[in-house]
Structures are given as C-alpha cells and as structure tokens.
Amino acid sequence: APLPLAGRSAILVDDGIATGATVRVGLRALARSGARRVVLAAPVAPPPVAAVLAGLCDEAVFLATPESFGAVGSFYEDFTQVEDEEVMALLRQADAAAHSPKG
C-alpha cells in the first residue's frame, strides 16, 4: 500500500529524462501530496529540461546533462525493459533485508 507522504521526504527516480513530461506530472503529484521535501534523481537529462525540472523540486541530481542528447537509451549499454514483477520482487527483497536481524 502507498505510504502517506505528508511531512516526509520523497525521492522521484527516473532511468533517464528526455522531454520531462512524465517527471513533471510526478513532481506535481508529490507537491500536492504534502511531502516535506522532494528530490529528483536521474542519470541523464538534456540541459534545458534539467533546468526546468530543477525548478519544480527542492533538489535535482543528474549524473550527466550532455548538450548532445539524442535518446535516453543511447546512454545505456543495456536498456531493456524491467517488468513490474521484477521491480516488486527487488523491493520486497530490499524490505526483507532492511528488516532482518544483522548477523
């Protein structure tokens, strides 16, 4: 179930940003959620898009903002789709590891 975000910090992560349209929607939703602080993190975005998005959140972190952009996939060696089931399994594993006794 989704966690209430009011008063919490939220980090929106994207695998790479081209136009920023979907990220803008996500940032607006987080702003309406009452999140105390909103951080955007992405490995790559074109400079003008990165500048606009940085203005819509408390902090934006981009590993690269190359002038010659092209497409997000061109910055990856392997840009195959990750299915929702795999993401959910990884999140469950991370949650289990975070809540298991340290041995």
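The values are calculated or read from the model by the stated rules, or taken from the named source; none is laboratory data. These numbers were taken from a predicted model, which means no experiment stands behind them. In this analysis, Cβ positions are derived from the backbone assuming ideal geometry, glycine residues included, and neighbour counts consider all displayed protein chains. Only protein heavy atoms, including side chains, enter the accessible area calculation; ligands, DNA and RNA are left aside. Shrake-Rupley method; radii C 1.70, N 1.55, O 1.52, S 1.80 Å.
Key figures
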| read-out | value |
| --- | --- |
| Inter-label distance for LYS102 and ASP15, nm, one decimal - labels placed 7 Å from Cα along Cα-to-Cβ | 3.3 nm |
| Stretchable slack from ALA6 to GLU86, in nm (0.36 nm times residue separation minus alpha-carbon distance) | 26.0 nm |
| Check: the chain dipole with +1 on Lys, Arg Cβ and -1 on Asp, Glu Cβ, in debye | 700 debye |
| Amide H contacts under 5 Å for LEU12, placed H, 5+ residues apart | VAL39, LEU40, ALA41 |
| Positive dipole terminus of the chain, leading residue within VAL38, ALA18, GLY73 (C-beta point charges) | VAL38 |
| Accessible surface, per residue, of the chain when the full set of protein chains is kept, probe 1.4 Å, Å² | 70 Å² |
| Whole-Å distance, taken between Cα centres, linking the stretch 46-87 and the stretch 14-36 | 12 Å |
| Portion, in percent, of the accessible area of the chain that falls on carbon or sulfur, probe 1.4 Å | 59 percent |
